[in-house]
Every structure is written in C-alpha cells, then in structure tokens.
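Read the figures in this text as sums done on the coordinates, not as results from a lab. What you are looking at is a predicted structure, and each value in this text was computed from that prediction instead of being measured. Don't worry about glycine lacking a Cβ; one is built from the backbone with ideal geometry, like all the others, and counts go over all protein chains shown.
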Amino acid sequence: MTSAPGLIDYLKHLQVKGQTHIHLDHDAKQVLRELYKKARAARMPQQQVVNTPAQPVAPTKPVSAPNPDFANPAARLEPQPKKAAPLPVAKLTPTQGSISERLTALKAQASQWPAFAKLGTLRSTMVFSAGNPEADIMLVGEAPGFQDERAQSPFAGPAGDKLEGILKAMGLSRDEVYITNVVKYRPAMADQSTGNRKPSEAEISASLPFLNEEISIVQPKVIIALGATAAKSLLGGNGSLASQRGAWHSYEGTPVRVSYHPSYLLHNEKSISDKRQVWEDMLAVMEKMQMQISEKQRGYFKPKA
Ligand code: URA
C-alpha cells in the first residue's frame, strides 16, 4: 500500500500542475480508507481500534529488483533510469497461419519471454491487445494500467473511455480498430495498489520485438501513436511529441500519425485547443483512409470565430 506522505506529495504535485479533481474508483477509495484507519489508529494509541484485516487491493507480483523510487507515487512522473539492463538477444520464433493464429502464437511467446522475467520489473498478467486484428487502423498506447490489467484488455479505464469517445466521433467503435500497447505488462511498483508508472527504457526495448511482429502480422494501413512513449518507440528520435504531430511519418513503410495520449486530454479536460489538436490528427487519419467526413465532423472543437 502507498504510504500516506507519498500519496500527499503526489496529490500536491498534481495540484501544483493545476489539477483540481481526481477520479477515485472503488479500489482507490479502499486504499484511502486503509490509510485513514492507520492514521486514526496512530493518533489514538491508548484506544482499541477495531480494524478489519487489510485486504490486498490488487494482486501484486513480487518484484525481484524494485527501484526504491517506486515507493513514492510521484516517482512515476520522474524519468526512469536511462541505463538499460543487458538483455538476452530477442529472437522470436516466426509465426505461421492466419492473422489470429499468428497473434495467438505471438501472445504465447510473450507469456514466456525470458527478457521480461529477467528484468523482474513487470507484473505477471499479460494485457496483449483488443479489437479487430484485421482492422486497417492500429492504435498504439504505452502500457496497461490498473484497470487494463484487471480487465486484461488495453484502454479499459478512463483513458479508454476517452479513446472510445474519439473513435465514436470518427464514426468507429473499438471493434473496428486494433488497439495495442508498446509494453504488454503493467510496470510494477513496490507496494502497488492502483498506482501506475511509465515503462522504463529497458522494459520498452524488451517489448519492442513483439510490437514490431504484431505490426507485421496485422499489417494496418495506418498506425496512430498515442502519446510520447508510443511515438518514440515507433519513430525514435528525441523530438517532442508536439514537434512530431501534424505530419505523416513511416514505420517500416506503414504511415504513422502521432497524437496526444487520451490521458493527457483527461488531465486537460477544459482545453478546447488540445481537443482540437487531437481531432485534427484524427481528421488526417480519416482523410488518409478515405473515410467520409461531414462538415459537422470537420468543425468539431473549432474555436468560435
Ligand atoms: N491503458 C492502456 O492500455 N494503455 C495506455 O497507454 C494507457 C492506459
């Protein structure tokens, strides 16, 4: 469980960044209840406090080499260690058969991949992909979080709701696109409950052979990189996400459009201009896919003249 000072520091950090509200799901509320009970017990040492035994909020995998920074939830906003641990040379066994047979074979390899075990910093529940493996549009996010791990499906939490809203505005549903992440396991943290962190460079490089193979199996016509991790993993370079937006890139011949991560929109709910920028990225994808675009769609989130 997260320590109270760590949690308070993290909330203060969000407040300084201008965030005024946070979403608390059932499990997060449970964590806060436990912290409250502990604090109350500490304040009233002589009184007997009847505590129900603390329930583990989410199954945690022992982490063999935890980064001590992970004990602090604010650490997920700090850069992860740059130095990649030496990894065994990744060599996937070529997959055969139909698209879904090949993806099943790829998943089986990901479930036993020695580099992941060697790293010891990823959790054990695989969250591979969702949607239609024959889709023309592939969306690539960063890594699963708490809700995604629980649902064993990417973008199952609030960021997924936002993503579904974007797809709906495009006239698409989750089942009409292919949704995946660079990293297929939720990055682990010490005493982890509902907290998430960004994947480290070592975790990303261990995962990239799978994303690469997934792209060559699905063969999308367009890839949408959601956020900086996906953009950097696919396109490399040290440029900012803002500098990569607004143009077509290529990943081994497949056109790539870079956009902000849906979580970014969640944290900037009031910003029409951020929404418009994401929407312009999606309009570019729709044009590339020769999808019909109504005048109404073209005008979404346009500032009023
Ligand atoms: N959930 C995912 O599956 N991926 C992200 O990048 C964020 C949330």
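Quick notes on this one:
- Amide H to amide H, with H built 1.01 Å from N, V258 comes under 5 Å of A225, G246, A247, counting only residues 5 or more places away or on other chains.
- Peptide packing: for 262-270, 191-199, 214-222, 140-148, the average count of neighbouring Cβ atoms within 10 Å per residue gives the ranking 140-148, 191-199, 214-222, 262-270, highest mean first.
- From the Kirkwood radius over Cα pairs of the stretch 157-201, Stokes-Einstein at 25 °C and 0.890 mPa s returns a whole-number translational diffusion coefficient of 192 µm²/s.
- Here the Karplus curve 6.51 cos²θ - 1.76 cosθ + 1.60, taken at θ = phi - 60°, turns the phi angles of the stretch 135-140 into couplings of 5, 7, 10, 10, 10, 10 Hz, with x standing for Gly and Pro.
- Between the amide H of S124 and those of K61, distances stay under 5 Å, these residues lying 5 or more places away or on another chain, with hydrogens modeled in the peptide plane.
- Full-stretch length increase - K168, Q292 - with 0.36 nm per residue and alpha-carbon distance subtracted: 43.3 nm
- Backbone N atoms of the stretch 207-232 closer than 19 Å to the 7 Å Cα→Cβ label point of H249 belong to residues 207-216, 219-232.
- Calculated Rg and Dmax of the stretch 240-305 using C-alpha coordinates, Å: 12.8, 41
- In percent, rounded to a whole number, the relative contact order of the stretch 115-200 is 43, using alpha-carbon pairs under 8 Å and six or more apart.
- Taking all Cα pairs closer than 8 Å and separated by 6 or more residues, the relative contact order of the stretch 171-287 comes to 19 percent.
- Applied to the stretch 145-160, the Karplus parametrisation 6.51 cos²θ - 1.76 cosθ + 1.60 on θ = phi - 60° returns per-residue 3J(HN,Hα) values of x, 3, 5, 5, 5, 5, 7, 6, 8, x, 6, 9, x, x, 5, x Hz, with x for Gly and Pro.
- Kirkwood radius for the stretch 175-305, taken over all pairs of different Cα atoms as the inverse mean of 1/r, rounds to 16.4 Å.
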